[in-house]
Structure formats: structure tokens, C-alpha cells
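Trainee: Below you will find the structure I want to go over with you.
Laboratory data are not the source of any read-out in this text; all were calculated from the coordinates shown. For clarity, every value in this text was computed on a predicted model and none was experimentally measured. Here the Cβ is made from the backbone with ideal geometry for all residues, glycine too, and neighbour counts use every protein chain on show.
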Amino acid sequence: MEGLKKIQSALESHRQQAFLAAPRLRLVAVSKQQPLQKIEAILAQGHRYFGENRVQEAEARWPSLKTRYPDARLHLIGPLQTNKAKQALALFDVIETLDRLRLAQALAEEMARSGRRLPCYVQINTGEEPQKSGILPSQADAFIRYCKETLHLPVEGLMCIPPVGDHPAPHFALLRQVAQRHGLPELSMGMSADWRTAVRMGATEIRIGRALFGER
Ligand SMILES: *Cc1c(COP(=O)(O)O)cnc(C)c1O
């Protein structure tokens, strides 16, 4: 477990040295399964971007944290069940796991109903792993177009989780290419183990859990 400041400055120095690096880089502190005191400690240091992977777990603590830290921003980084779309839209600020047609339709309906439109990232299954969620690379272009043009979803970026054991670079490169084709500004890629590569390849957002909070 390293300190917030240490991680922020390591991210920034990597960003400044990298040829393809994005002009800005956001650290999303992944607080899933972490004790409340550790989350509060990070909030107290001024950090405001957090990631949770389960709607129910986030529901249990973030509404009260958000009343105390109204400018905290919560990213959903885990799979979203269609029947929890309404709950997720009420609690989160960014949906990073738009990964299938039915969910896209449910989110579009709920955004229209509630008037609360959240930035969405399309999750791409860059490694084409059967057990992993995400749109297959071969279907990404059609899916992104459908979400933007037909459903009018505010798609602002892409997210991926490279296969364990693969070198992450080709996966990040693929994500970047798809984002560029569609003019999507946000690239959420890189975690505790592979953030250096992600920063070098143009990530705009790094999702870090264990390196910041310690093991889960
Ligand atoms: C848990 C998780 C992370 C953080 O992983 P660490 O290895 O703890 O940094 C990042 N992204 C997603 C989608 C996750 O589920």
C-alpha cells in the first residue's frame, strides 16, 4: 500500500515522459471491498474520484459519504444488471461498463425518464475472453454507433481489462484505436499491475485499488 500523493506523482511523472501520453490523467481510487476508514482517509486528503464494482455494495456506503463530500464522483466499474440501471443512475456519476445491447437500451430509457444523463464508457473485451464481459472488438464500431446515434447515449469513452498473463500493451493500443475512430475522449485503462503501460499508451483514467488501499 502506497500513499495517495506518491501514486499521483508517479502517475504524473510517467505521463510527462511518455510520447503518446494524454494531456491529463485521472486516478480513480477503486474502493470496492475496502473498509470505510480507508475510504474516508483518501477523501480527507482531497481525492474525489472513486470506483466501485457492485451497485449494492456502493449503495451501502456512498449515499452518506456523498452527503459529506458532495463533490465526490463515483464510477461504476463492474457489470451492471439491467434491473439495477435505475439505482445505478441515481448513485453513480460515470458508468464505465456499458457492455451489451439490453443494458444500453435500459440506460437510455432510464436516462430519458429521470433526466439524469451520465457519461458512459463502452467496455471492450479486447482479449475476446468468454468469461469476461464487454463488446467484442469486431462489434465495437457498430455498437458504439448504435449507442450514440440511435439511443443518443452520452458515450464518452472506452474501458478494458486485459487478460491476466497477456502483455497489456496490444490491448491498450486496440482500445485507443477504437476511441480515436469514434472521437471518444476518455480511455479508462490500467490498474495496479499495469498502469505504467496504460499511461504510456494514452490512458486518461487509471483505476487503482490495491496499490492505494492495500490488499482486499
Ligand atoms: C478491482 C478493479 C480494479 C482495481 O484493481 P487493482 O488491481 O486493485 O488495482 C480496476 N478495474 C476494475 C474493473 C476492477 O474490477
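Trainee: Any idea how far apart LYS6 and ASP71 come out in nm if each label point goes 7 Å out from Cα toward Cβ?
Mentor: Placing both labels 7 Å along Cα→Cβ, they lie 2.7 nm apart.
Trainee: Out of the GluC sites (Glu not before Pro) in region 161-216, which ones are loop residues according to DSSP with at most 12 other C-beta atoms within 10 Å?
Mentor: On the way: sites: GLU186, GLU205, GLU215; in loops: GLU215.
Sparse-neighbourhood loop GluC sites (Glu not before Pro): GLU215.
Trainee: Mean 1/r over all different Cα pairs, inverted: what Kirkwood radius does region 1-62 give, in Å? Could the numbers behind the result be given before it?
Mentor: Values: mean 1/r = 0.0761 Å⁻¹.
Evaluated over region 1-62, this radius sits at 13.1 Å.
Trainee: Can you tell me the length gained on complete extension of the stretch SER64 to GLN87, counting 0.36 nm per residue apart and subtracting the Cα distance? Don't skip to the answer; put the middle values down first.
Mentor: Details: separation 23, 0.36 × 23 = 8.28 nm, distance 1.53 nm.
Fully extending the segment from SER64 to GLN87 adds 6.7 nm.
Trainee: For region 86-148, taking Cα atoms only, what is the radius of gyration to one decimal and the Dmax to the nearest whole Å?
Mentor: 12.1, 35
Trainee: Another one. Dipole size in debye (nearest 20) for the chain around its Cα centre, Lys and Arg Cβ +1, Asp and Glu Cβ -1?
Mentor: Working: 30 positive and 22 negative charges, 87 e Å.
So the dipole magnitude of the chain works out to roughly 420 debye.
Trainee: Right, another one. Could you give the length gained by full extension between GLU149 and HIS182, i.e. 0.36 nm per residue of separation minus their alpha carbon distance, to one decimal place? Please report the intermediate quantities before stating the final value.
Mentor: Working: separation 33, 0.36 × 33 = 11.88 nm, distance 1.16 nm.
Gain in length upon complete extension: 10.7 nm.
Trainee: At 10 °C and 1.306 mPa s, grab the translational diffusion coefficient of region 140-216 from Stokes-Einstein with a Kirkwood Rh over Cα pairs, rounded to a whole number in µm² per second.
Mentor: Working: Rh = 13.3 Å.
In µm²/s, the coefficient rounds to 120.
Trainee: Now a separate question. With only Lys, Arg, Asp and Glu charged, each at its Cβ (+1 for the first two, -1 for the last two), find how big the charge dipole of region 46-156 is about the Cα centre; round to the nearest 20 debye.
Mentor: Working: 16 positive and 14 negative charges, 85 e Å.
Using only the charged Cβ atoms, the result is roughly 400 debye.
Trainee: Pick out which of ALA44, ALA179, ALA106 has the largest mean-square fluctuation in a Gaussian network model of the chain, springs linking Cα atoms closer than 10 Å.
Mentor: Evaluated over the chain, the most mobile residue of the options is ALA44.
Trainee: Further, regarding this structure: Can you figure out the FRET efficiency of GLN139 with GLN56, using R₀ = 35 Å and their beta-carbon distance, to the nearest 0.05? Mind showing how you got there, number by number?
Mentor: Values: r = 29 Å, r/R0 = 0.84.
Using R0 = 35 Å, I get an efficiency of 0.75.
Trainee: For region 122-134, in order, what is each residue's ³J(HN,Hα) by Karplus, 6.51 cos²θ - 1.76 cosθ + 1.60 with θ = phi - 60°, in whole Hz (x at glycine and Pro)?
Mentor: 8, 7, 10, 8, 4, x, 6, 7, x, 7, 9, 7, x
Trainee: At 0.36 nm per residue, minus the direct Cα-Cα distance, what do SER192 and GLU215 gain on full extension? Give it in nm, one decimal, please.
Mentor: On the way: separation 23, 0.36 × 23 = 8.28 nm, distance 1.09 nm.
Additional length available on full extension: 7.2 nm.
Trainee: Could you sort out which of LYS5/LYS86; LYS6/LYS132; LYS38/LYS86; LYS5/LYS84; LYS66/LYS86 sit more than 24 Å apart by Cα distance in this structure?
Mentor: Details: LYS5/LYS86 35 Å; LYS6/LYS132 32 Å; LYS38/LYS86 28 Å; LYS5/LYS84 35 Å; LYS66/LYS86 18 Å.
Violating the 24 Å Cα-Cα cut-off are LYS5/LYS86; LYS6/LYS132; LYS38/LYS86; LYS5/LYS84.
Trainee: Quick check: pseudo-label points 7 Å beyond the Cα along Cα→Cβ at ARG24 and ARG116, how many nm apart are they?
Mentor: 2.3
Trainee: Apply the a/c threshold of 1.5 to the C-alpha gyration tensor of region 33-80 and tell me whether it is rounded, prolate or oblate.
Mentor: Because a/c hits 1.5 or more and a/b exceeds b/c, region 33-80 counts as prolate.
Trainee: How large are Rg and Dmax for the chain when calculated on the C-alpha trace, in angstrom?
Mentor: 16.5, 45
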